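Engineer: First the structure, which I've put down as structure tokens, then a few questions once you've had a look.
No lab work stands behind these numbers, since they all come straight from the coordinates. Note that the structure is a prediction, hence the values are computed from the model and not measured. As a convention, Cβ positions derive from the backbone with ideal geometry for all residues, glycine included, and neighbour counts pool all protein chains shown.
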Amino acid sequence: MAARRRKGRKPVRPRRRKAQRAKPRKVTRRKPARRPGASTAGQAQPRAGPLRLVAGVPVEVGVVEHYFGRAGAAVVALSRPIRVGDTIHVRGQTTDFVQQVSRLALDGAPVREGTPPQSLGLRLEARARPGDRVYRISW
């Protein structure tokens, strides 16, 4: 039995399936096997990755309490002083990056430095997660 049409609504039309196009196959080339003793003079050398540590012994300055994704900032509970211009290393289970402190904020107001037991807002270049440790590696 056909379904009855409700008053004031358009009839439901069956959807047409679009014809799928055949996707072109990627042609992959194998790298030639490297012979022992062959020189690598003409080949490109791998580039160095980002700088991990700068001169100085890492000192833990705090722990990330919260990260604000849209603002790209984190709340850090301080255990040692930190200043604008310090180089920090943020490290956790899935986090590992080095950056320079560009902005610090206390209750939304910009500050030049923070001391424990304050919780400061810190602008970060990459994502951090609660529990990540913040180390100062140069001052």
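Engineer: Just grab the label-to-label distance for Arg70 and Ser138, each label 7 Å out from Cα along the Cβ direction, in nm (one decimal).
Structural biologist: 3.5 nm
Engineer: Okay, moving on. If I model a spin label at Glu60 and Val12 as a point 7 Å from the Cα along the Cα→Cβ vector, what separation in nanometres do I get?
Structural biologist: 6.0 nm
Engineer: Sticking with this structure for a sec: Length gain on complete extension for the stretch Arg112 to Arg80, per 0.36 nm per residue less the alpha carbon to alpha carbon distance? Intermediate results must be reported in sequence, preceding the final value.
Structural biologist: Values: separation 32, 0.36 × 32 = 11.52 nm, distance 1.45 nm.
Net length gain for the segment: 10.1 nm.
Engineer: Taking H placed 1.01 Å from N in the peptide plane, check which residues at least 5 places from Gln118 or on another chain put their amide H under 5 Å from its amide H.
Structural biologist: Answer set, sorted by chain and number: Leu78.
Engineer: Under the classification rounded if a/c is under 1.5, otherwise prolate if a/b is larger than b/c and oblate if not, where does the range 62-138 fall, given a ≥ b ≥ c as square roots of the Cα gyration tensor eigenvalues?
Structural biologist: rounded
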